[in-house]
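Colleague: A single structure is presented below for examination.
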Amino acid sequence: CSGPAGGFPSEAAMGHFGPGALLSWAESPDKALESVLREQADAALIPLESVGEGLAFSTVRAISSLDLRLTAEHEMAHTLSVVSKSGDLSAVTRIYAYPQHHLLCEKSLSATFPSAEVVSVKSPALALQSAGESAAALVPSMTSSEWETLLGVANDAGPLRVRYGVVSRMPARRTGADATALLLSVHDRPG
């Protein structure tokens with residue numbers, strides 16, 4: 001998976017490959033594709049497109065330059081939640097958040113937690129670890145008896161729809177419900 005442990009790609013990978021899959025994380029789509037190319041992984045799940053940001057051109061460019069195959073797609077609607085162990089909304093003075101998630105929720109966080117400090121961390125998993133008993137974490141929506149949800153959908157623009165691609169060295173088997181992806185390029189010159 002590309003991206004931080006516990007983030008949206010982790011959720012998408014579990015949804016696509018199932019709970020028994022052995023997952024590893026790469027810091028970027030390029031690194032995830034490199035692991036497949038070097039046969040360190042069987043497949044990479046990478047973001048192709050999101051409603052807010054559009055097509056991930058760097059990812060598409062990376063796939064086109066390598067001898068790899070786009071074998072499947074997986075689309076998900078992601079929401080972010082603010083959770084804490086105490087469940088006390090008024091006690092939150094600090095919220096730990098992955099920076100990209102914070103950007104998606106700035107208005108909701110400042111409206112719901114006007115005096116809380118948002119602290120950037122390297123992953124959603126680290127946000128949960130840092131929150132402990134006295135703070136909260138902004139993480140992909142989850143169900144856990146250990147954490148109380150303080151703000152169920154923190155995304156400013158509602159759920160974020162993301163389409164992921166599964167990339168492998170080997171082509172996919174035909175299923176009868178297959179799709180075809182075409183990548184075209186033209187020379188950029190007058191006329």
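Colleague: So is P19 open to solvent by 20 Å² or more (accessible area, probe 1.4 Å) and over 30 Å from E146 (Cβ atoms) or not?
Modeller: So P19 does not fit the description; no.
Colleague: Return yes when P171 is touching a residue at least 24 places away in the same chain (Cβ under 8 Å), open to solvent by 30 Å² or more (accessible area, probe 1.4 Å) and within 24 Å of A44 (Cβ to Cβ) and no when it is not.
Modeller: Spelling it out, P171 is indeed touching a residue at least 24 places away in the same chain (Cβ under 8 Å), open to solvent by 30 Å² or more (accessible area, probe 1.4 Å) and within 24 Å of A44 (Cβ to Cβ).
Colleague: Select from the range 145-168 the residues that are in a loop (DSSP other than H, G, I, E, B), surrounded by 10 or more Cβ atoms within 10 Å (Cβ to Cβ) and of a type outside the set (A, V, I, L, M) and list them in ascending order.
Modeller: Correct list: W147, G152, N155, D156, G158, P159.
Colleague: Mind counting the residues in the range 89-126 that are surrounded by fewer than 16 Cβ atoms within 10 Å (Cβ to Cβ) and either without any contact (Cβ under 8 Å) to a residue 12 or more places away in the chain or among the small types (G, A, S) (or both)?
Modeller: Of the residues in that region, 9 qualify.
Colleague: Quick check, is G176 in a loop (DSSP other than H, G, I, E, B), free of Cβ contacts under 8 Å to residues at least 40 places away in the same chain and surrounded by fewer than 13 Cβ atoms within 10 Å (Cβ to Cβ)?
Modeller: On the way: in a loop (DSSP other than H, G, I, E, B): yes; free of Cβ contacts under 8 Å to residues at least 40 places away in the same chain: yes; surrounded by fewer than 13 Cβ atoms within 10 Å (Cβ to Cβ): yes.
So G176 passes the test.
Colleague: Here's another thing I want to ask about it. Quick test for you: out of R61, R69, pick the one residue that is over 17 Å from the mean Cα position of the chain (by Cα), more than 15 Å from R161 (Cα to Cα), modelled with pLDDT under 85 and basic (K, R).
Modeller: Sole residue among the options that is over 17 Å from the mean Cα position of the chain (by Cα), more than 15 Å from R161 (Cα to Cα), modelled with pLDDT under 85 and basic (K, R): R61.
Colleague: Right, L138: within 19 Å of the chain's Cα centre (by Cα) and either crowded, with 20+ Cβ neighbours inside 10 Å or closer than 18 Å to E11 by Cβ (or both) or not?
Modeller: yes
Colleague: What is the number of the single condition among (1) part of a loop (DSSP other than H, G, I, E, B); (2) touching a helix residue (DSSP H, G or I) at 6+ places or on another chain (Cβ under 8 Å); (3) farther than 30 Å from L182 by Cβ that E133 does not meet?
Modeller: Only one criterion in (1) part of a loop (DSSP other than H, G, I, E, B); (2) touching a helix residue (DSSP H, G or I) at 6+ places or on another chain (Cβ under 8 Å); (3) farther than 30 Å from L182 by Cβ is unmet by E133, namely (2).
Colleague: In this structure, does A21 turn out to be without any contact (Cβ under 8 Å) to a residue 60 or more places away in the chain, within 24 Å of A181 (Cα to Cα) and not in a helix (DSSP H, G or I)?
Modeller: no
Colleague: Further question on the same structure: Restricting attention to the range 46-88, and to residues there that are under 18 Å from P140 (Cα atoms), in a strand (DSSP E or B) and of a type in the set (G, A, S), which single residue is most open to solvent (accessible area, probe 1.4 Å)?
Modeller: The extreme case among them is A77.
Colleague: Of the residues G54, G132, which is over 18 Å from P9 (Cα atoms) and at pLDDT below 85?
Modeller: Values: G54 fails: over 18 Å from P9 (Cα atoms).
Of the residues listed, the single one that is over 18 Å from P9 (Cα atoms) and at pLDDT below 85 is G132.
The values are calculated or read from the model by the stated rules, or taken from the named source; none is laboratory data. Worth saying up front: this structure is predicted, and the values here are computed from it rather than measured. Positions of Cβ are generated from backbone atoms using ideal geometry, with glycine treated the same way; all protein chains shown enter the neighbour counts. Side chains are part of the model used for accessible areas, which takes the heavy atoms of the whole protein and leaves out ligands, DNA and RNA. Shrake-Rupley method; radii C 1.70, N 1.55, O 1.52, S 1.80 Å.
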